[in-house]
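The numbers here are math on the coordinates, done by the rules we state, and not lab data. Model, not experiment: these values are computed from the prediction. Virtual Cβ from ideal backbone geometry, glycine too; neighbours counted across all protein chains shown.
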Amino acid sequence: MGQEKALPIKIQGVTKTYGSVYALNDVDLDIHSGEFLTLLGPSGSGKTTLLMVLAGFNRPDCGSVRFGEREIIRMPPHKRDVGMVFQNYALFPHMDVAANIGFPLKLRGLAKEQIRPRVDEALATVQLEGYGARGVDQLSGGQKQRVALARAIVFNPRILLMDEPLSALDKKLRERMQIELRHLHEKLGMTTVYVTHDQREALTMSDRIAVINEGRLMQLDKPRAIYDQPANAFVANFIGESTLLPVEQNGGVPSFGGVALKLAQGNADGELLLLRPERLIFLDDDDKAEFNRFTGVVREVVYQGESFLVYITLAGGHEVAVRSVSQRHSIAAAPDVGDQVSLGLHRDETVLIEGSTEGGMD
Amino acid sequence: MKPQSVSSVGVNAKALRKDEQRERLLLFGLSFPALLIVLLVIVVPVGWLFWLSLFNDAGALSTYNYSRMLESKSYLRIFKTTFNVSFLTTLICVLIGYPLAYFLSQISRRWAALGLIAVLLPFWTSLLVRTYAWLVVLQRKGLVNQWGIELGWWETPLRLVHNLNGTLIGMAHIMLPFLVLPLYGSMRSIDFDYIKAAANLGANPTKAFWYVFFPLSLPGLLAGMTVVFVLCLGFFVTPAVLGGGKVIMVSMKIETLIDLFFNFGTASALGVVLLVLTLGVLFIAHKLVSLDKVLGSGDGV
């Protein structure tokens, strides 16, 4: 095609209320042309509402949405020319696979001879060659997912929306499809907005993640930045496992339990210390000057297969967890319940977060 | 793998099999009264009817009652009228009922429930009362003609009753719920995501309706049409009252044959033929959609 393969999306001031509840609260979001952006949030956070606003199925109270230069906020869904994969696939049960995929082309006035090769091409793209004559109810969940995807991309939309498309698949298939979708996105290059409540899925697939809660954008960044430098307590708790401990600020010097914290950057702002189980290690008495040290008593040890968790009650009464990979050495060195232990957190991984401990338990 | 008869020798196998048999027997016991009633009020009388139809006026065994039906033009005409009236009534019900069911299926369930009650309301008055009410409304000096003339819409009274018009108006009114209920049920069960998907793929509302919603509503529509058509085939009261003797359907002919001429043989033969034709209609409908849907009023209701 002569035109661009992708369009940027500019969302400005989009608000949607239901009674006194904000589903979307003044959301601004710039989605780059060709990027894979994930809207991540718990159920009821507004992520699906935002996707439906983009698709045209939800009319917001106010705001602006532009695809490229074009304002589309009042444009009916059938004119928006965006591909969409629905959560339950929404494959038409009265049409076979080829008719489903050919449907958008038929609506665009293409002749039968023109439709068939493009349907075949789309089927090949999703690795379902020769499935055209199948009925929709003869397909497995994974195959339906692929057909829905083929139908959404067959008319070369420059924007692709996906509403938790993998949630109905079992874990193994879901993980394989995540990689496949990612490759497909790299190949086709269209701007993709992906909705999920599964943080691991978001971290695996996205160029950038927009974390949404209570209708507000909580953080927008690359997966690693979201995980390593959460902007607030909500993001820290929602993504990954974490414990947030209150920090005392004495004249710009943050300390915990009376001991000043060693920090990597000059960034000493924030009232909460982020502790992730896999970032904590058990320290011997002598070593590691670049580590912040915490002491406590082992309360419980939980074996989880590939790793194990040790729950520790710190001297100040706070509870933290340490995750270690299950290996011969680490299992042999694992403490027992009641043991006194020293935990270390590397200064480069010592992160402070603005906010209060409210909602800080995991 | 071949199924092996291992289960028959294991621990408790005998007792477990006995439990299963007892449950099956209990289930049969529960359905027995209904089966008995079906046998007594349907199978026996229909068999007797068929038996009666095999005797001529002189009381001798013959196929005269059936051959007469094929030879006499008047009988053919009655069957033709019956199918005609049934077809037209079904058509009117579809034209009125489809938009109604569609509307009800698109509003919230609470309002739709109110609408459905309104549709069902007439069921709580007797069929005879409703039919005579139409007579009052539609007759020469009835409500409709009075208003129409006073408002200057027409000058001489319209012939709305004692003919095909009246029959169709009355029958369509009585049959409408039988179409709306299964149709509404099947429309409710259409996932709105299909319509959204159609719109997303580029279908304007009209196209989304014809390409997606309408085909998906067809099973319910066919179910409703079949019920209405089959009920119309045997309808008696309304065409008898509102047709004014000008519209003669099979059921009315049966009534005259028995009441006036005491001719049980011919009446029975008519009944048997009507029954066979009705079963034929059901069979064709079953070929188009499954019979559970036809008789079980769609998915959702």
By the scheme Lys and Arg +1, Asp and Glu -1, what is the net charge of all other residues having a beta-carbon under 12 Å from that of B:M249?
-> +3
Please name which of B:L40, B:L26, B:W51 has its Cα lying farthest along the dipole of the stretch B:1-91 towards the positive end, using unit charges on Cβ (Lys, Arg +1; Asp, Glu -1) and the Cα centre as origin.
-> B:L26
Residue of A:M52, A:M162, A:M75 that the Gaussian network model of chain A assigns the largest fluctuation, springs spanning Cα pairs under 10 Å = A:M75
Using the Karplus curve 6.51 cos²θ - 1.76 cosθ + 1.60 with θ = phi - 60°, work out ³J(HN,Hα) for each residue of the stretch A:185-199 in order, rounded to whole Hz, and write x for Gly and Pro.
-> 5, 5, 6, 8, x, 7, 5, 10, 10, 10, 9, 7, 10, 9, 4
Please give the residues of the stretch A:43-74, grouped as numeric ranges, whose backbone N is less than 18 Å from a label point set 7 Å along the Cα-to-Cβ vector of B:N204.
-> A:74
For chain A, what does -39500 (n - 2.57) per DSSP helix run (n ≥ 4), summed and divided by total residues, give at 222 nm, in deg cm²/dmol to the nearest 500?
-> -7500 deg cm²/dmol
Using DSSP, restrict attention to beta bridges with both residues in the stretch A:9-234 and report what percent are antiparallel, rounded to the nearest 5.
-> 55
Measuring from label point to label point, each 7 Å out along Cα→Cβ, what is the A:A225 to A:D120 span in nm?
-> 4.6
Treat every Asp and Glu Cβ in chain B as -1 and every Lys and Arg Cβ as +1, leave all other atoms uncharged, and give the resulting dipole magnitude about the Cα centre to the nearest 20 debye.
-> 360
Ranked A:I101, B:I92, criterion: other C-beta atoms within 10 Å, fewest first = B:I92, A:I101
The stretch B:149-216 versus the stretch A:202-241: alpha-carbon centroid distance in Å | 51
For chain A, modelled as a GNM with alpha-carbon contacts under 10 angstrom, which of A:Q178, A:Q12, A:Q114 fluctuates the most?
-> A:Q114
In sequence order, calculated HN-Hα J values of the stretch B:31-36 (Karplus, 6.51, -1.76, 1.60; Hz; x Gly/Pro) = 8, 4, x, 5, 4, 5
Test item: Cα-centred dipole of chain A, Lys/Arg +1 and Asp/Glu -1 on Cβ, debye | 2000
Roughly how many nanometres apart are two label points built 7 Å out from the Cα toward the Cβ at B:R159 and B:V276?
-> 3.6
Which of A:V27, B:S74, B:F209, positive extreme of dipole for the protein assembly as shown (C-beta unit charges) = B:S74
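Which whole number gives the average count of other chain Cβ atoms within 10 Å of the Cβ atoms across peptide B:190-197?
Per residue, the average neighbour count from other chains is 6.
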Among B:T63, B:T278, which comes first, then next, by fewest other beta-carbon atoms within 10 Å?
-> B:T63, B:T278
Which order do B:I174, A:I226 fall in if you start with the one that has the fewest other Cβ atoms within 10 Å?
-> B:I174, A:I226
Could you check which residue among A:Q304, A:Q219, A:Q127 shows the biggest mean-square fluctuation in a GNM of chain A with a 10 Å Cα cutoff?
-> A:Q304
Positive-end residue of A:I331, A:Q127, A:M95, charge dipole of chain A with Cβ unit charges = A:M95
Give, rounded to the nearest 20 debye, the magnitude of the charge dipole that the stretch A:252-347 has about its Cα centre when Lys and Arg contribute +1 at Cβ and Asp and Glu contribute -1 at Cβ.
-> 180
What do you get for Rg/Rh of the protein assembly as shown when both radii come from the Cα atoms and Rh is the Kirkwood radius?
-> 1.15
Net charge over other residues, Cβ less than 14 angstrom from the Cβ of A:I115 (K, R count +1; D, E count -1) | +2
Using alpha carbon centers only, the stretch A:9-48 is separated from the stretch A:96-172 by a whole-angstrom value of 27
Output the antiparallel fraction of DSSP beta bridges having both residues in the stretch A:162-268, as a percent to the nearest 5.
-> 85
Rounded to one decimal in nm, the spacing of the 7 Å Cα→Cβ label points at B:S67 and A:Q327 is 10.2
Summarise the partner chain shielding of A:77-90 as one whole number: the mean count of Cβ atoms from other chains within 10 Å of each residue's Cβ.
-> 5
Note: probe point = Cα of B:N84 + 7 Å toward Cβ; backbone nitrogen < 20 Å; residues of the stretch B:250-273 passing the test are B:250-256
For the stretch B:135-165 the trypsin sites (Lys or Arg not before Pro) that pass both the DSSP coil test and the at-most-12 other-Cβ-within-10 Å test are B:K141
